[in-house]
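Inspection log for the structure reproduced underneath, given as structure tokens.
Values in this text are rule-based calculations from the coordinates and carry no lab data. Every value quoted in this text rests on a predicted model; they were computed, and no experiment measured them. Here the Cβ positions follow ideal geometry from the backbone for every residue, glycine too, while neighbour counts run over all protein chains shown.
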Amino acid sequence: MSTNNFRYAQPSDVSLILEFIKGLAEYENMMDDVIATEELLKEWIFEKEKAEVIFVMEDDTEVGFALFFHNFSTFLGRAGIYLEDLYVKPEYRHKGYGKALLKKLAQIAVERGCGRLEWSCLDWNKPSIDFYLSMGAVPMDEWTVYRLTGETLKKAAL
């Protein structure tokens, strides 16, 4: 890997962001779940500023990305960073880009005074789990993620 070069995404990057999202979805066998569009990404990431994206670069080429946003810990009394997606293109894997992205996110969290950096990982994704453990991450064994979406979310809102 050449020098760790990062850049924050700009509105003109929405097609590239969507390309990375679809690459991750393909890897996770979840392409049918992707309904994001360039218009939605532009609105929610850049206009409403609800998430941020950084790219890791090899020379002038974006080879990986991380999409993240702030959450809040009442126990810590401060914000944290939640990593929604981390993805490195297959041809650039095993070169340190994933580790560089995670390290960069940790640096951002520390610079912003955040109390933690956290994310979820699919149970079957052993390569990623092994990678996260090697970085010192600790799985939250006693926690289960719950979700409301679609019609269930709309019904809960009534």
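Observations on the structure shown:
- Between the entries (i) 16.6; (ii) 17.0; (iii) 16.1, the label attached to Kirkwood radius over Cα pairs in Å calculated for this structure is (ii).
- Gap separating the Cα centres of the range 98-158 and the range 50-69, nearest whole Å: 17
- The modelled label-to-label distance for the pair Tyr146/Asp33, using points 7 Å beyond Cα in the direction of Cβ, is 1.9 nm.
- Three-way shape call for the range 37-96 based on the alpha-carbon gyration tensor, with the a/c threshold at 1.5: oblate
- GluC sites (Glu not before Pro), loop per DSSP, at most 11 other Cβ atoms within 10 Å - longest free stretch of the chain: 50-141
- Residues Asn5 and Thr74, FRET efficiency given R0 of 35 Å [Cβ-Cβ distance, rounded to 0.05]: 0.45
- Potential lengthening of the chain between Phe131 and Lys50 amounts to 26.4 nm, from the contour at 0.36 nm per residue minus the alpha-carbon distance.
- Nearby lysines by direct alpha-carbon distance to Lys126 (threshold 28 angstrom, same-chain neighbours under 8 apart not counted): Lys22, Lys89, Lys95, Lys99, Lys103, Lys104
- Angstrom value of the Kirkwood radius, inverse mean 1/r, which spans all Cα pairs in the range 74-158: 15.3
- Placing unit charges on each Cβ (+1 for Lys and Arg, -1 for Asp and Glu) gives the range 5-156 a dipole about its Cα centre, and among Leu86, Ala156, Gly115 the Cα reaching farthest toward its positive end belongs to Gly115.
- Mean residue ellipticity, 222 nm, helices only, the chain: the sum of -39500 (n - 2.57) across DSSP H runs of n ≥ 4, divided by residue count and rounded to 500, is -9000 deg cm²/dmol.
- Using only side-chain charges placed at the Cβ, +1 for Lys and Arg and -1 for Asp and Glu, the dipole size of the chain relative to its Cα centre rounds to 560 debye.
- Ascending count of other beta-carbon atoms within 10 Å, so fewest first, for Phe65, Phe131, Phe72, Phe55: Phe72, Phe131, Phe55, Phe65
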